[in-house]
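The values are calculated or read from the model by the stated rules, or taken from the named source; none is laboratory data. Predicted model only: the values in this text are computed from it and were never measured. All Cβ positions, glycine included, derive from the backbone under ideal geometry; neighbour counts span all protein chains shown. Only protein heavy atoms, including side chains, enter the accessible area calculation; ligands, DNA and RNA are left aside. Shrake-Rupley method; radii C 1.70, N 1.55, O 1.52, S 1.80 Å.
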Amino acid sequence: LKLAVIGITTPETHYATKPDNLKGYRVIAAEKALPALIEKVKKEGAGPVIVLSHMGLDEDREMASRVGGIDLIVGGHSHTEVKTPVVVGSTIIVQAGYYGQKLGVMKVSVDTETKKMTRYSERRILQKVKAGPHDAYDAAVAGIIGKYDDQIRGEFGRVVGETRVDLAKRPFESNLGNLVCDAMREAAGADAAIQNNGGIRTTIPKGKITLEQAYMLLPFDNNLMTMELTGAQIIGLLEQNAKTEGMLQVSGLKVVYDLTAAEGSRVKDLAIGGKPAERLRTYRVTTNDFLAAGGDRFDIFRAGKSAVIGDNVRDAFLDYLKKHSPVYPRTEGRIVVTR
């Protein structure tokens, strides 16, 4: 019995990563790519077709309704714990949560004559993953981990700063986003700094901050990109931000949104450096090279002039901690939202 396994990822990939990462590649919608692939593997003798999807549960449902010939979708991206398989037409959809906290176990029976799935697990398909200090472990894997852990543990355990408050992230303004953006703006000497929430990957509890936490917080090797943007262009970026439910964190800016207003007119007030923004005036704005290349569809950054590449964003953050610890950032009305 042959099984076909086809992997797909989000169509947003073309703007959710640096453009240079996709040189030589095209990104097309799954429903356009899959039919031909399914036909190909069937001609090669495949029985059940399994799609490994990084699209999210809602997109998986939509895909199952539009594309025939998929027997099982094993999904991800939306971090959904699907405890009972979702069935759309003749397609079964499962997903095991996120971060390895659950293990999905899907048992299926296949008719070797028709090559179709005849039975499948309908409950208890998720098992909790847990490990304690006295549980058995794989010696070979533990040896590999230990080798590298020994090399980095001392350096990663080094204290690089301190915070007097819990550092948390959330849409629109957060104290952690403010801290990261303040560090970026100081490093670049810019009028304003803008960072995407997706580049801030964890939270940090009150207390000492280690180098390991800094790497977990800012794991991508992004560099600062400082450029000239007009007040009108900055307003355009913030209008895009209003549509994305607050992807951007800021420093040097104070913006008031009215999300009940029509798209394109949701920025009701903007101050830069404590003064009303002037649409025709040019400001120095620093961001990361992912956004500067138009990542997350913030294409206006690509129109910035006199762009200069700077330090690694993480290094700028570490320098800021060294100068200003203990830090105690707070939400202070940089981003005000009315709905």
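Apply the Karplus parameterisation 6.51 cos²θ - 1.76 cosθ + 1.60, with θ equal to phi minus 60°, to every residue of the stretch 113-119 and state each ³J(HN,Hα) to the nearest whole Hz, in sequence, with x for glycine and proline.
Calculated HN-Hα couplings, in order: 7, 8, 6, 10, 6, 9, 9 Hz.
For the chain, find the longest principal axis of its Cα atoms and tell me its angle to the long axis of helix 231-243, 0 to 90°, nearest 10.
30 degrees
To the nearest 0.05, how large is the calculated FRET efficiency for residue 10 and residue 258 if R₀ is 30 Å and r is the Cβ-Cβ distance?
Efficiency, from the Cβ-Cβ distance: 0.50.
Cα atoms only, the stretch 191-290: Rg and Dmax in Å?
Cα radius of gyration and Dmax of the stretch 191-290 are 15.2, 45 Å respectively.
Report the Cα centroid-to-centroid distance between the stretch 1-20 and the stretch 197-223 in angstrom, as an integer.
27 Å
Using a 1.4 Å probe over the heavy atoms of the protein chains, calculate the carbon and sulfur portion of the accessible area of the chain as a whole percent.
Answer for the chain: carbon and sulfur cover 50 percent of the accessible area.
Using θ = phi - 60° and the Karplus relation 6.51 cos²θ - 1.76 cosθ + 1.60, list the HN-Hα couplings for the stretch 247-254 in order, rounded to whole Hz, with x at every Gly or Pro.
Ordered by residue, 3J(HN,Hα) equals 6, 9, 10, 9, 9, x, 10, 10 Hz.
With each run of n ≥ 4 DSSP H residues scored as -39500 (n - 2.57), what mean residue ellipticity at 222 nm is computed for the chain after dividing by its residue count and rounding to the nearest 500 deg cm²/dmol?
Taking each H run of at least 4 residues, the total per residue is -8500 deg cm²/dmol.
Cα convex hull of the stretch 65-146: how many Å³ per residue?
Convex hull of Cα atoms, per residue: 154 Å³.
Run the numbers for residue 336 and residue 153: contour at 0.36 nm per residue of separation, minus the present Cα-Cα distance, in nm.
Value of the extension gain: 61.8 nm.
Expressed as a fraction of 2.2 N^0.38 Å, the rule-of-thumb size for a compact globular protein of N residues, what is the C-alpha radius of gyration of the stretch 265-339?
1.36
Return one whole number: the accessible area per residue of the stretch 218-339 in Å², for a 1.4 Å probe.
Per-residue accessible area for the stretch 218-339 comes out at 48 Å².
Once the other residues with Cβ under 11 Å from the Cβ of residue 191 are scored (Lys, Arg +1; Asp, Glu -1), what is the net sum?
+3
Roughly how many debye, to the nearest 20, is the charge dipole of the chain about its Cα centre, given +1 on each Lys and Arg Cβ, -1 on each Asp and Glu Cβ, and no other charges?
Computed charge dipole of the chain: roughly 400 debye.
Could you please state, rounded to a whole Å, how far the C-alpha centre of the stretch 281-313 is from the C-alpha centre of the stretch 85-110?
That distance is 41 Å.
List the GluC sites (Glu not before Pro) within the stretch 1-99 that fall in a DSSP loop (any state other than H, G, I, E or B) and whose Cβ has at most 10 other Cβ atoms within 10 Å.
Listed in order of number, the matching sites are 44.
If you compute log10 I(q)/I(0) by the Debye sum over Cα atoms at q = 0.07, 0.13, 0.14 Å⁻¹ for the structure shown, which of (i) -0.29, -1.01, -1.16; (ii) -0.41, -1.11, -1.18; (iii) -0.42, -0.94, -1.08 do you land on?
Here the calculated entry is (ii).
Normalising by the residue count of the chain, find the relative contact order in percent from Cα pairs under 8 Å and 6+ residues apart.
It rounds to 17 percent for the chain.
Report, for the chain, the % of DSSP beta bridges that are antiparallel, rounded to 5.
Roughly 65 percent of the DSSP beta bridges within the chain come out antiparallel.
Taking 24 Å as the cut-off for C-alpha to C-alpha distance, list the pairs among 18/323; 40/115; 23/147; 169/254 that go past it.
18/323; 23/147, as the Cα separations exceed 24 Å there.
Arrange the peptides 84-92, 234-242, 249-257 so that the one whose residues have, on average, the most other Cβ atoms within 10 Å appears first.
Descending packing order for the listed peptides: 249-257, 234-242, 84-92.
Please identify the chymotrypsin sites (Phe, Trp or Tyr not before Pro) of the stretch 105-170 that satisfy two criteria: DSSP loop assignment and at most 12 other Cβ atoms within 10 Å. Which are they?
Listed in order of number, the matching sites are 137.
Search the structure for amide H atoms under 5 Å from the amide H of residue 5, placed 1.01 Å from N in the peptide plane, and list their residues when 5 or more places away or on another chain.
Residues meeting the amide H criterion: 50.
Need one number: nm distance between label points at residue 58 and residue 305, each 7 Å from Cα along Cα→Cβ, rounded to one decimal.
Modelled inter-label distance: 4.0 nm.
Which distance in nm do the two modelled labels at residue 127 and residue 325 give, with both placed 7 Å along the Cα-to-Cβ direction?
If labels sit at residue 127 and residue 325, their model points lie 4.2 nm apart.
Evaluate the charge dipole of the stretch 1-56 about its Cα centre and quote only its size in Debye, nearest 20, assuming +1 on the Cβ of each Lys and Arg and -1 on the Cβ of each Asp and Glu.
It comes to approximately 180 debye.
Along each of its three principal axes, how wide is the spread of alpha-carbon positions in the stretch 103-148, in whole angstrom units, largest first?
Principal-axis extents of the Cα atoms in the stretch 103-148, largest first: 49, 22, 15 Å.
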